[in-house]
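Everything on this sheet refers to the single structure shown next.
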Amino acid sequence: MEWSRFLECLSADVDRFREVSAKDLGAPVPSCPGWSVADLVRHVAVVYLHKVECLSQGRSPDPWPPPGSATAEPLALLDGAWPELRAQLWARTPESAAYTWYEPDQTTRFWARRMAQETVIHRIDAELALRTAVQPVPADLAVDGIDEVLVVFLEYASKTWCDDFGPDLAEADDRSVLISAGGAGWLVRAAPSGVSVEAGIGSGLVAADAAVRGEPGAMLRWLWGRGSGGVTVDGDKDLVGRLRRLLVTATQ
């Protein structure tokens, strides 16, 4: 996706997230067990503040979180954090150097992408909590989000912090799952050494032990555990179940 498109989607989803969340901060969030909407808003605000520090300091902030954030009024915290993040992102080019936890990409573009994807998922969380209509995820943002969660979270994390994935990875046997959405395909293989993702293979006939197919928005929600509507599973369902558990670990 283009840099300007990330910023456009991020801005729209922040506005929607705040609008929906303000309706009832006490509502439970079914997709984040144990959280209220207030917890969700505070989480997003603190994530934004963390990225502000990563961008401005060129390193991960320590100590963290900032004093008072745990008790601050959630909407006020968000209202302060978002303009700071926006100012940091809008003042930079996508290629500007930036500290990130993802070694292959140490640019500001990583954070623009990450915050756009973070926000759309939590916007959906707020909509689910308030039982209001879940607005569609734009197809380009959803396809990008599918790629991000598979390549950045699942592949990179499973190879970098392999032990965190426990028996689901240790006992994996290199069988493949095809993820197909929006004309794009990703072939995912889990082995004890980590998950490998072959991206950009298209969505045609690809030999795989299982396949998960759906429209981009539905697939993004499925990968992040925000519902299974609009997604179909073919082949070895136990293998797909293992993939889902690996994704849960990768995105915690």
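Quick notes on this structure:
- Hey, GLY185 within 20 Å of PHE110 (Cβ to Cβ) and buried (at least 20 other Cβ atoms within 10 Å of the Cβ) or not: no
Each row is one residue, and each column tells you yes or no for (1) basic (Lys, Arg); (2) closer than 15 Å to THR249 by Cα; (3) buried (at least 21 other Cβ atoms within 10 Å of the Cβ).
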| position | (1), (2), (3) |
| --- | --- |
| ASP125 | no, no, yes |
| ASP140 | no, no, no |
| SER158 | no, yes, yes |
| ASP164 | no, yes, no |
| ARG175 | yes, no, no |
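- Qualifying residue in segment 213-221 (condition: in contact with a Cys (Cβ under 8 Å, 6 or more places away or on another chain) and either buried (at least 20 other Cβ atoms within 10 Å of the Cβ) or not assigned by TED's automatic domain parsing to the domain that holds ASP13 (or both)): no
Rundown of residues vs (1) among the polar types (S, T, N, Q); (2) touching a Ser or Thr at 6+ places or on another chain (Cβ under 6 Å); (3) without any contact (Cβ under 8 Å) to a residue 40 or more places away in the chain, yes/no style:
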position: LEU130; (1), (2), (3): no, no, no
position: PRO138; (1), (2), (3): no, no, no
position: ALA142; (1), (2), (3): no, no, no
position: CYS162; (1), (2), (3): no, no, yes
position: ILE179; (1), (2), (3): no, no, no
position: LEU187; (1), (2), (3): no, yes, yes
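- Residues of segment 12-47 that turn out to be under 21 Å from GLN88 (Cβ atoms), in contact (Cβ under 8 Å) with a residue 40 or more places away in the chain and surrounded by fewer than 15 Cβ atoms within 10 Å (Cβ to Cβ), as a count: 0
The values are calculated or read from the model by the stated rules, or taken from the named source; none is laboratory data. All of these numbers come straight from a predicted model, not from anything done at the bench. Note that we place each Cβ from the backbone using ideal geometry, even for glycine, and neighbour counts take in every protein chain shown.
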